[in-house]
Every structure is written in structure tokens, then in C-alpha cells.
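What follows is a single structure, written as C-alpha cells, with notes after it.
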Amino acid sequence: MKTVQWLICVALLAFVAPLVAEPGYIIRSSDLMDEPYRDATSLAELEEGAPVEILKRKGGWLQVESAGKSGWVRMSKIRKGKAPTQPAAESEAGGVLDLASGRAGTGNVVSATGVRGLNEEELKEAKFDANEVDKLESFAVSEQKAARFAQAGKLIARELEFIPAAAQ
Amino acid sequence: MIFRILLVALLISGAATTHAFDLGGLVKEITKKPTEDSASEQQQTKQPGLLGLLGGTPVEEEIAIGREISGRLLGAAPLVKDKHLQRYVNQVGAWVAKQSGRDDLVWHFGVIESDDINAFAAPGGYILVTKGLYKKLHNEAELAGVLAHEVGHVIKQHHLKILKQGQLIDVGGGLLKQKVGGDDKGQAIGKMIGSGAEILARGLDKNAEYEADRIGVVLAARAGYDAYALPSVLQEIGHVRADDSSVALLFKTHPHPEKRLVELGDAMDGHAEQFDDGKVLADRFYRLKGMSKAF
């Protein structure tokens, strides 16, 4: 039964949009699992800062290769890009927020010029702009047009149930 | 006669609006108020709206409230002047929203001039995405996922529920006891919404965000898109430095993307088979200047 499930899983993977293999690194020590599920078997523990090669994605999981082993790691434990030279040294708690706060020193710096933010104060002061709403409403697309657009993209509507929150 | 009409009005409100704001006597009180065109008995039989304040049907009220909120947001950050972009976003959005079953709404989507990374939903089907967030996207499925999350807020009436809570407090304060109708209608909406578009800066309960994420992946999948595109966007946003001002409001009003990823991943785990075979449509994705073509 387990094997069948695994085969189905592999078959499904074939349909999941593959990513071009790209480098990444572990931002919080994490188990390398044999399957992309919480209760799968841990193959190894990946240390914070360990470089990985990201192969593909399935749900919240990424299939990676690290030190010759292949397996699955939660998306949230991995950051794309090259590992910083001193990954753990500057990080006190070692969590994603430390890395996210720039201690890892990589990318995503927004230019200070021309930045137009939307902070709380600006939202509070915001005044109704009738012209802009009219313009917004003028772009509305009818159901028929939406269906044609979907057809052009070969999008096929499917009947699916909403999913409940995972049991805690 | 009047009594009978009121009774009918109450019955209608009870039967037709299961989600109606149950104010009992107050609904009666408000629907009795004169409106702009007439104070006739006909008005009293009209189905009172969710907030029972404006004399319209629930949907009319929902739209009026959403229009006001989004108009104010647009006052702070206007639409990006690119009609091809706006049309494209409406095509994707309309197709995704169609899967929600709320075909009583005309859905509106727009990209607004802001380098912030954020997206907003207002009642009645008004959904606005910042240019900063749009530039983080790689393909049409990711756009669909983001819009579908916002559609989730609208169909679950998350913001309306907050306004409803505010109403309850105001009722206690006697605010609603004033005459409402006619020229005061706009003012009434204004009072309900508060100052500017602050309702959008207040944020929702974290469970409402997790719920919108779960709805988002299902709507995207129903529309034929790769359901995993929304988690992908969350991962991308999670990489933005937490002290970066572009995510200040987003991170204040939403659980951290990492937490959302874990919640969503866990919820999707048991339903993997329903999320296979979706389309990514990277080729058709409308790119703004300077956007990379990477996967």
C-alpha cells in the first residue's frame, strides 16, 4: 500500500512544475525527508547554512540534493541563492527572521529613491478618489470574456472541494 | 397594515439573509427610516442589508462599502497607468473569482502605484495588488494565487465582519440612533468604515489569513492553475528582509509568510491528489519593465 502511494506520488510529481535546479541553503536546521510529508522518514539532518541544490517543488516542500543525498525539505527552511560566507556566526537565534532581517546579507534591498509606501498613516489619511474608482470599474471583465481568456490559455475548470485547516 | 408590512420585512430578513446582522428591533427601526426617493411602505418590505443601515440589499450595501474603501485606497495609491496590465489582471481575476460561486458580484481587480508588497480586498469584489507585489511574481499562476487569496477574503466577508463588530459597538454608543438616509447615506458608510482606508491597515485575525490561503489554492486549482504557485509567492515574500519598509504593513497585518507556508503546507498535504496538473502559464504572464523571465 505504501509503495502504491509512493508511486502515485511520483506520478504526481511528473505534473508539478519543475524548477530549473538552482542553488539554495538551509536557514534553519531541518530534516531531509524521504517523502514530502510531515510523517515521512528522516534521511539526514541538514545544518543551518548547508548548501543545497533545489531540484523541484511540491506543495510546501522542495526536493533538494545536499552532500550527495536527495530528499525533501520544507520550503520555509530554505532560502534560495548562495549561502553567506559566515552563516551562523552573526546570527544569535538562528531563525528565519534573523536571516530575513538582513544579517545574511543577501538581496532584496529596495532602492531608497522613488519608494512609494503604503503605511498606516497614509491609509488613514486617504481620500476617496472617484475618478480612479471609475477607471478601476471600467476594466471589469465579463464572465464570457473570462471564459474565453481561460480557453486561450487552455485552462480547464475543475470541481474541487475547499480544504479544511490541518488538524493540530 | 404597517404592522403586517413590518412583519413581512422581518420574515424576509430572517429567511433570506442567513448571515444577516441580527439586530432585531434595530433592523426594524432602520428600515423604517426615510430614504432619498421615498419613505413609502414599499421601502419597508425591502430586504434589509447586512448592516441594516443603508436601506439597500445586502449585496448593494456590500458593494457600496467596498467601493468606498477601494476608492480611498486609490486616493493614496492610484492605478498603474497601463491599461494592458489592468485588463490582464482583470481577465485572470475574473476567471478565478468565477470559481468562487459569487456571481452576484462584478469583480474588480487593479494594480496600484506602490513599491510596497501587499494586496488588498474590500467587500463587494474590489481587489487591489501593489506594483511591488506584482513585480515579485513569475507567472500567471502566481498572480492567480494572490488574487484568489483576496477573493477568499471577499467571499468569507472577513472585512464586513469586522465592520459589523464595529457597528455593534457604535450601536451601544448610540451612533446609529441618528437618522440615516438620503444625503446622509454616504456619511453613514463613512462612519462605518472609519478614517480613510484604515480598515485595510488594521489587519484580520490570523485564522482569517490562513483560511484565505486555503481558499486561494483551491480557487486557483479550480481555475486550472498550479495550486502551488501561492505557496511559492509566500516563500518569495518570506525572503524579503523583515525590516524592509516595503513589507512593514504586510508583516504587521499578516502572520509571517513562513508560518503561512507551514499552515498551508499542512492543510494541502492530505489533498495532494486534487492539486495535480495545474498550469503555470509563464509565457502569457504580463511583465512590467524590468521584470525577470526566470522560471
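The values are calculated or read from the model by the stated rules, or taken from the named source; none is laboratory data. No experiment lies behind these values; they were computed from the predicted model shown. Every residue, glycine among them, receives a Cβ derived from its backbone with ideal geometry; neighbour counts consider all protein chains shown. Please note that ligands, DNA and RNA were not included when accessible areas were found on the heavy atoms of the full protein model with its side chains. Shrake-Rupley method; radii C 1.70, N 1.55, O 1.52, S 1.80 Å.
For this structure, a couple of remarks:
- The value obtained for the range B:184-295, namely the Cα convex hull volume divided by the number of residues, is 171 Å³ per residue.
- Between the amide H of residue A:52 and those of A:24, A:25, A:26, distances stay under 5 Å, these residues lying 5 or more places away or on another chain, with hydrogens modeled in the peptide plane.
- Buried accessible area, chains A and B (both chains, 1.4 Å probe, Å² to nearest 100): 7300 Å²
- Residue A:48 accessible area, 1.4 Å probe, all protein chains in place, Å² to nearest 10: 60 Å²
- Residues in the range A:28-47 reached by a label modelled at residue B:242 [backbone nitrogen below 20 Å; 7 Å Cα→Cβ]: A:28-30
- Pairwise FRET efficiency - residue A:65 versus residue B:83, Cβ, R0 = 45 Å, nearest 0.05: 0.50
- In range of the label at residue A:158: residues from the range B:128-163 whose backbone nitrogen is under 15 Å from the point 7 Å along Cα→Cβ: B:141, B:145
- Largest-first ordering by accessible area, 1.4 Å probe, given options A:78, B:162: B:162, A:78
- Stretching the chain fully between residue A:140 and residue A:45 yields a gain of 29.1 nm (0.36 nm per residue, less the alpha carbon separation).
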